[in-house]
Structure formats: C-alpha cells, structure tokens
1. Residues being loosely packed, with under 11 Cβ neighbours inside 10 Å, modelled with pLDDT under 95 and in a helix (DSSP H, G or I): count how many of those fall in the range 69-95.
2. Report, by residue number, each residue of the range 95-134 that is of a type in the set (A, V, I, L, M) and touching a Ser or Thr at 6+ places or on another chain (Cβ under 9 Å).
3. Look at the range 100-123 and say how many of its residues are assigned to a helix (DSSP H, G or I), modelled with pLDDT of 95 or more and open to solvent by 50 Å² or more (accessible area, probe 1.4 Å).
4. Examine the range 82-105 for a residue that is of a type in the set (Ser, Thr, Tyr), without any contact (Cβ under 8 Å) to a residue 60 or more places away in the chain and either within 22 Å of Ser39 (Cβ to Cβ) or touching a Lys or Arg at 6+ places or on another chain (Cβ under 9 Å) (or both), and state whether such a residue exists.
5. With respect to Trp66, is the statement that it is crowded, with 16+ Cβ neighbours inside 10 Å and either in contact with a strand residue (DSSP E or B) (Cβ under 8 Å, 6 or more places away or on another chain) or not small (Gly, Ala, Ser) (or both) true?
6. So, of the residues in the range 49-59 that are within 29 Å of Pro113 (Cβ to Cβ) and within 17 Å of the chain's Cα centre (by Cα), which turns out to be least open to solvent (accessible area, probe 1.4 Å)?
7. Does the range 1-48 hold any residues that are assigned to a helix (DSSP H, G or I), of a type in the set (D, E, K, R) and open to solvent by 60 Å² or more (accessible area, probe 1.4 Å), and which are they?
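The values are calculated or read from the model by the stated rules, or taken from the named source; none is laboratory data. Given the structure is predicted, the values throughout are model-derived calculations rather than measurements. Cβ sites come from the backbone with ideal geometry, for glycine too, and all protein chains shown count toward neighbours. Calculation scope for accessible area: heavy atoms of the full protein, side chains included, ligands and nucleic acids excluded. Shrake-Rupley method; radii C 1.70, N 1.55, O 1.52, S 1.80 Å.
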Amino acid sequence: SGASGVIGRRPDRFSSVQDFVKYAYTSGLTKNFEAARVSGASQVVQDEDGQGWRWRTDLRKTEKWWREWYEGLSAKFLSVPAPKLLLLAGTDRLDKELTIGHMAGKFQLKVLPAGHAIQEDEPEKTADAVDEFIQRYL
C-alpha cells in the first residue's frame with residue numbers, strides 16, 4: 001500500500017534528535033521547522049545502547065490493523081448528524097465518498113498548506129478555521 005511504501009522509505013534510526021528534526025523538515029513530514037523542533041523529541045526515543053535514536057512507535061508492526069482503522073471511516077464521518085469541518089493538507093486523499101459528501105454540502109472542507117500534522121504546521125490557520133467554523137455553526 002502507499003502507507004507501507006512511505007514508512008518503508010523512512011530511516012530507522014537517527015544520530016540525534018536534531019538529526020530527526022532535520023529529517024522531519026526536509027522530508028516534508030512537517031512544513032514548519034519550529035513544529036519539527038518542538039514535537040520531534042516526542043516522536044523518537046534513545047536506542048537501548050544509547051548510541052542513537054529510533055522511532056518511538058514502529059508503525060510497521062501496526063500494519064495488520066491499517067485497513068480496519070480506515071475502512072468505513074468516511075461513511076461514519078458523513079453519518080454524524082452535526083455540522084462538520086474536515087481539515088486537510090491536500091485534496092489528493094479525498095475519497096469518492098467524501099468528494100460526493102462535500103459537493104452535497106454535508107461538511108465544510110478547509111485545505112491548508114501543511115505536512116502530516118496540520119495543527120503543528122499551521123497552528124494559527126488551524127485555529128482560525130476552527131474558530132470560523134464554531135462562529136458559523138455553533
């Protein structure tokens with residue numbers, strides 16, 4: 001799958017937290033260097049031998065559950081009988097069900113120029129989008 005390819009291309013280890021921060025920023029994991037610097041330390045842990053750093057969570061070990069996590073998620077989102085806001089970093093991952101739902105006005109879509117963690121890459125724009133949504137619908 002696409003996710004296993006992305007995860008498979010990630011380095012397994014880093015020489016330091018700073019090395020991870022550089023990777024996170026230059027790989028596009030985050031588009032905000034300060035966000036990478038602030039959250040980087042929480043995403044890696046020191047190796048048992050103390051010589052380097054590795055991912056806190058080995059996502060490859062969770063692969064057998066990926067389909068279960070996401071299967072039917074769009075339908076569940078669309079079925080919630082309340083105003084909804086979907087924040088995305090790009091529309092390339094918007095599936096057919098969500099595209100149709102958005103065209104039917106079932107939720108508000110906001111696309112922000114961000115990496116994987118929108119709230120870290122664009123905290124002000126995220127807060128503005130949520131505030132605007134709350135003001136409009138609640």
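1. The total comes to 3.
2. First, the residues of the range 95-134 that are of a type in the set (A, V, I, L, M): 98, 100, 103-104, 109, 111-112, 114, 117-118, 127, 129-130, 134.
Residues satisfying the conditions are Leu98, Leu109, Val111, Leu112, Ala114, Ala117, Ile118.
3. Just the residues of the range 100-123 that are assigned to a helix (DSSP H, G or I), to begin with: 100-103, 118-121, 123.
Cutting the leftovers down to modelled with pLDDT of 95 or more gives us 100-103.
The next check asks that each one be open to solvent by 50 Å² or more (accessible area, probe 1.4 Å); those that pass are 100, 102-103.
Number satisfying all stated conditions: 3.
4. The initial filter retains those residues of the range 82-105 that are of a type in the set (Ser, Thr, Tyr), namely 91, 99.
The next check asks that each one be without any contact (Cβ under 8 Å) to a residue 60 or more places away in the chain; those that pass are 91, 99.
Add one more test, that the residue is either within 22 Å of Ser39 (Cβ to Cβ) or touching a Lys or Arg at 6+ places or on another chain (Cβ under 9 Å) (or both), and what stays is none.
So far as the range 82-105 goes, no, none of its residues is of a type in the set (Ser, Thr, Tyr), without any contact (Cβ under 8 Å) to a residue 60 or more places away in the chain and either within 22 Å of Ser39 (Cβ to Cβ) or touching a Lys or Arg at 6+ places or on another chain (Cβ under 9 Å) (or both).
5. Values: crowded, with 16+ Cβ neighbours inside 10 Å: no; either in contact with a strand residue (DSSP E or B) (Cβ under 8 Å, 6 or more places away or on another chain) or not small (Gly, Ala, Ser) (or both): yes.
In short, no.
6. Applying the first criterion (within 29 Å of Pro113 (Cβ to Cβ)) to the range 49-59 yields 53, 55-57, 59.
Those left that are additionally within 17 Å of the chain's Cα centre (by Cα): 55-57, 59.
Working: Trp55: 31, Arg56: 130, Thr57: 73, Leu59: 61 Å².
Ranking the candidates gives Trp55 first.
7. Going residue by residue through the range 1-48, those that are assigned to a helix (DSSP H, G or I) are 2-9, 17-26, 33-43.
Subset that is of a type in the set (D, E, K, R): 9, 19, 22, 34, 37.
Listed by number, the residues that qualify are Arg9, Lys22, Glu34, Arg37.
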